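See below for the structure under consideration.
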Amino acid sequence: MSFDFSVENTGLIVVDMQNEGCERHGPTVKPVIQNIRRLLDRFRAANGKIIHVQSVRTKDHPEFTVFGKEYSLLENSPGAAFVEELQPLPDEVVVKKYSHDCFYETAMEELLAKFDLRPCRDRIVVTGIGANNCVYHAVIGFHIRNYYVTVPEDCVHSSRPDAKNFALTQFRSPAYNFNVSVADSAAIVFSAPKKKAAAG
C-alpha cells in the first residue's frame, strides 16, 4: 500500500536526532537514522517542508534543579548537536524545545503558519526518537490540533522494543486512528505539484 502525499500539503518533522540521545539508544538506532535520511532526502528532492526538532536544556532547568535529574542535552553542547547524517541544511528550520513537547513554549505553531500547514487539511509525517516519549508527544500534539499525521514505523525508535510497540499500538487504536496512520517510509510518495491555471 502506498501513501501519495501532496508536497504542498505535507510537512516532515524530525524529532531529537541528536548525538546524546542516539548514543543512549544504542546501535539499533543506526538503521532508523538511515531510514530517516532516505525519507529526508526524498523530501529535500521534492522541495518539501521540513522542521527539525532539537531537545535542549539549560543548567537551571527544573529537571536538574528541582527534580534532581543528571545534566543532559545541555544547550550548545556536543551531545545536543544533531547526528552527522541528519544535520539540517542551512535553509532548514529548527525548533528548539525545553521539554518532551515540541509545542510547549516553542516556535512550532509560528513555523507551521509560515509553511501554510493547516489543521483539518494538511499532513504531518513524524520521525525520530523516542517513539514512546518525544515522538509520542509530537504525534499527539499534531493529533489534538487536527492535522492528519503519518508515523513511518521504520523511522521511529525507542531504546526498548516494547515501548515502541506500545506507542504504535496507541496510534493504531480508535482513540487516534481517525487522523493518525502508521506506515512504512518506502510507501510514502509525492504527487506532482498542482499546475496553476493559465491566466486569460
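Think of the range 1-46 as a dipole: +1 on every Lys or Arg Cβ, -1 on every Asp or Glu Cβ, centred on the Cα centre; then among Ile33, Leu12, Ala46, Ile33 lies furthest on the positive end. With each label modelled as a point 7 angstrom along the Cα→C-beta vector, the Val93-Asn47 pair spans 1.8 nm. When the solvent-accessible area of the chain is split by element, carbon and sulfur atoms take up 54 percent of it, the probe being 1.4 Å. Summarising the amide proton neighbourhood of Gln18: residues at separation of 5 or more, or on other chains, whose placed amide H is nearer than 5 Å comprise Val83. Length gained on full extension, Ser173 to Asp101: 23.8 nm, using 0.36 nm per residue less the C-alpha separation. According to the square roots a ≥ b ≥ c of the eigenvalues of the Cα gyration tensor, what is the shape class of the range 15-72, taking rounded for a/c under 1.5, prolate for a/b larger than b/c otherwise, and oblate for the remainder? Cα axes put the range 15-72 in the oblate bin.
Averaged per residue, the chain has 52 square angstrom of accessible surface, using a 1.4 angstrom probe with ligands and nucleic acids left out. Annotation note: trypsin sites (Lys or Arg not before Pro) in the range 139-196 located in DSSP loop regions with a Cβ neighbour count of at most 11 within 10 Å are Lys194, Lys195, Lys196. Under the simplified labelling scheme, the Ala113-Asp60 pair shows an inter-label distance of 2.8 nm, with each label point 7 Å from Cα along Cα→Cβ.
Taking a point 7 Å out from the Cα of Asn146 in the direction of its Cβ, none of the residues of the range 8-25 has a backbone N less than 16 Å from it. Using 0.36 nm per residue and subtracting the Cα-Cα separation, the extra length available between Arg121 and Thr28 on full extension is 30.0 nm.
Taking the centroid of alpha carbons for each part, the range 136-184 and the range 42-74 are 19 Å apart.
Scanning the chain for GluC sites (Glu not before Pro) in DSSP loops with at most 10 neighbouring Cβ atoms within 10 Å leaves 106-200 as the longest stretch between them.
The values are calculated or read from the model by the stated rules, or taken from the named source; none is laboratory data. Keep in mind the model is a prediction, meaning the values are calculated, not measured. Neighbour counts are summed over all protein chains in view; Cβ atoms, including those assigned to glycine, are modelled from backbone coordinates with ideal geometry. Heavy atoms of the whole protein, side chains included, go into the accessibility calculation; ligands, DNA and RNA do not. Shrake-Rupley method; radii C 1.70, N 1.55, O 1.52, S 1.80 Å.
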